[in-house]
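Q: My questions all concern the structure below.
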C-alpha cells in the first residue's frame, strides 16, 4: 500500500494497545477507555498499565483525550500509524468478489455507465460514499463518430474507439436536420477523423471550422461543431459520487457546520478531484486521513483510493469516502479489487 509518511516504530506493547484501541474505535465510534482495551488482550494486562501506555501514545501525538475523565480516540497521526504498520489486510471475500463481477457483467461498457456503476458498487459494498475520477482518454484512437436523430431538434452523438470503448451524449440543436444532412455529416466525420486521437481530432476540428465558416458551408460547419461536442465530452475528466446520504448518516457529526462543509465539498467536487489526482500518482492503494488530504473541510473524513489503468497506463482513480473510523481492513481490499475490475474492462479483458 502506498505510504504518505515515514514513522518511527513503536514498541510491541504500544502497538498492541494502539491496534486494540483502533479496533474498538472503528466498531463503536466512541472514545475508548483503558479498561476496555485491557479486556481485549489475550494475556493479562492491567488497566493501569494500559492507561500509562495510552498516555505515552498521547504524548507521541497518536491519541487524544476528548474529555478529562473520558477515554481516548486516535488522531490523524494515530490512524496513519495503524494503516501503515498495524492493519492486517486480507483478500476480498470470494462471495463479494463474485457479486461485484455479476454487477459489472449486467452492465454495458459505455464509459459513463461503467463509472456510474463503479461508484454505485463502491457505495453499496462499503455502505459509504463511492467516488470515481473518470479518465481523460486523450490518446484513444477514433473508429467512428455518428449522429442519430433523437426526436425534434435533438441528436444522439455516438463515439466509438478502435479498442471498442463507446461513449454517447444527447445534443440539442437550434434546427432539425434532414436525413440527407445527417448522412453527409456522418460521412464527413468518419472520413475525417478515423484513426485520429482525440487530441489530433480536436485540433483538426478547430482548423477546419475556420475554413468552413469562410466558405459558408453550412453542413460542414454543423458537422465540425457537433463533432467537437462529442469529442470534448469523451476527453473531459469528471467526478462520479454515489452514496452521499449514507455517508452523512455515518459521519456522527454533532457540529452541523462541519457536516455542511463536507456536503459542499461533495456537491462542488473540485476538492475530491484534487484528492483523487494525488491517488493517481500512487502505485496501489492510498489512504488520506483527515487533514492529510490538504483540505480543512475534509478533516473529519478519510478517503481510501487507488488508480486504475488502461493497457497498463494510469488513466484515473476511484475510492471510498467515509468517516476516519471506517473499517480500513475491509475497505482497502474492496477499493483495490474495484480498481482491478475497471482496469481489466478498460483494457478489453474479461473479469
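The rows are residues; the columns are (1) assigned by TED's automatic domain parsing to the domain that holds residue 318; (2) more than 22 Å from residue 163 (Cα to Cα).
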{"position": "177", "(1), (2)": "no, yes"}
{"position": "187", "(1), (2)": "no, no"}
{"position": "251", "(1), (2)": "yes, yes"}
{"position": "259", "(1), (2)": "yes, yes"}
{"position": "263", "(1), (2)": "yes, yes"}
{"position": "267", "(1), (2)": "yes, yes"}
{"position": "278", "(1), (2)": "yes, yes"}
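Q: Here is a follow-up. Return a yes/no flag: does the range 127-147 have any residue that is more than 32 Å from the chain's Cα centre (by Cα), over 30 Å from residue 351 (Cα atoms) and surrounded by 13 or more Cβ atoms within 10 Å (Cβ to Cβ).
A: Looking through the range 127-147, none of the residues is more than 32 Å from the chain's Cα centre (by Cα), over 30 Å from residue 351 (Cα atoms) and surrounded by 13 or more Cβ atoms within 10 Å (Cβ to Cβ).
Q: Would you kindly identify the helices (runs of 4 or more DSSP H) lying entirely within the range 44-159 that contain at least 2 residues that are in contact with a strand residue (DSSP E or B) (Cβ under 9 Å, 6 or more places away or on another chain)?
A: Here the list reads 47-59, 76-81, 111-126.
Q: Could you please tell me which pairs satisfy a Cβ distance under 7 Å, a separation of 6+ or placement on different chains, a first residue in the range 86-101 that is surrounded by 13 or more Cβ atoms within 10 Å (Cβ to Cβ), and a second residue that is outside any helix (DSSP H, G or I)?
A: 101/351
Q: Could you check the range 169-188 and list, in sequence order, the residues that are without any contact (Cβ under 8 Å) to a residue 40 or more places away in the chain and over 37 Å from the mean Cα position of the chain (by Cα)?
A: Once the filter is applied, which keeps residues that are without any contact (Cβ under 8 Å) to a residue 40 or more places away in the chain and over 37 Å from the mean Cα position of the chain (by Cα), the range 169-188 yields 175, 176, 178, 179, 180, 182, 183, 184, 187, 188.
Q: Quick one: in the range 312-346, of everything that is in a loop (DSSP other than H, G, I, E, B) and touching a residue at least 40 places away in the same chain (Cβ under 8 Å), which residue is surrounded by the most Cβ atoms within 10 Å (Cβ to Cβ)?
A: Across the range 312-346, the extreme among qualifying residues is 326.
The values are calculated or read from the model by the stated rules, or taken from the named source; none is laboratory data. All figures in this text were calculated on a predicted structure; none of them were measured in a lab. Quick reminder, even Gly has a Cβ in these numbers, built from the backbone with ideal geometry, and neighbours come from all protein chains shown.
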